[in-house]
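Read the structure below first, then the notes.
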Amino acid sequence: MNLTKARLGPGYAIAFGRQLKASRAFFTVPLNDDDKRVTWEIFQQYHDKAWSYTDCSLLAVARRVGTRRIFAFDHHFQQMGLEVVP
């Protein structure tokens, strides 16, 4: 959403976000307390990477739900061993 907003503007990002939320092809997962703990562990373990705390939280959740496939544009996720879609 950040990239969409930066490149295409907030109106487009909001419309795109609404489409994603309405789609059955995508779902969002809230962070739980264990995810937050794992996120911090990942963030510390890979301190040499340019991964943000948010990037690390996505990896923590992907591990918990058992997926390696995510919708993203950031190359950091490929470094994490995740398959980036599109």
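FYI, it's all coordinate maths here, none of it is from the lab. Only a predicted model underlies this, so the values are computations on that prediction, with no experimental measurement involved. Here the Cβ is made from the backbone with ideal geometry for all residues, glycine too, and neighbour counts use every protein chain on show.
Placing pseudo-labels 7 Å out from each Cα toward the beta carbon at Leu31 and Arg69 gives an inter-label distance of 2.6 nm. Neighbour counting of Cβ atoms within 10 Å sorts the residues Leu58, Leu3, fewest neighbours leading, into Leu3, Leu58. Among the helices of the chain, those built from whole DSSP H runs whose Cα atoms reach 15 Å or more along their own axis and whose mean Kyte-Doolittle hydropathy is at least 0.5 are 53-65. Of Gln19, Val61, Leu8, which is farthest towards the positive pole of the chain's charge dipole, taken about the Cα centre with +1 and -1 on the beta-carbons of Lys, Arg and Asp, Glu respectively? Of the listed residues, the answer is Gln19.
Only Lys, Arg, Asp and Glu carry charge here, each on its Cβ (+1 for the first two, -1 for the last two); on that basis the chain has a dipole of about 400 debye about its Cα centre. Using C-alpha pairs under 8 Å with a sequence gap of at least 6, the mean separation divided by the residue count of the chain gives a relative contact order of 18 percent.
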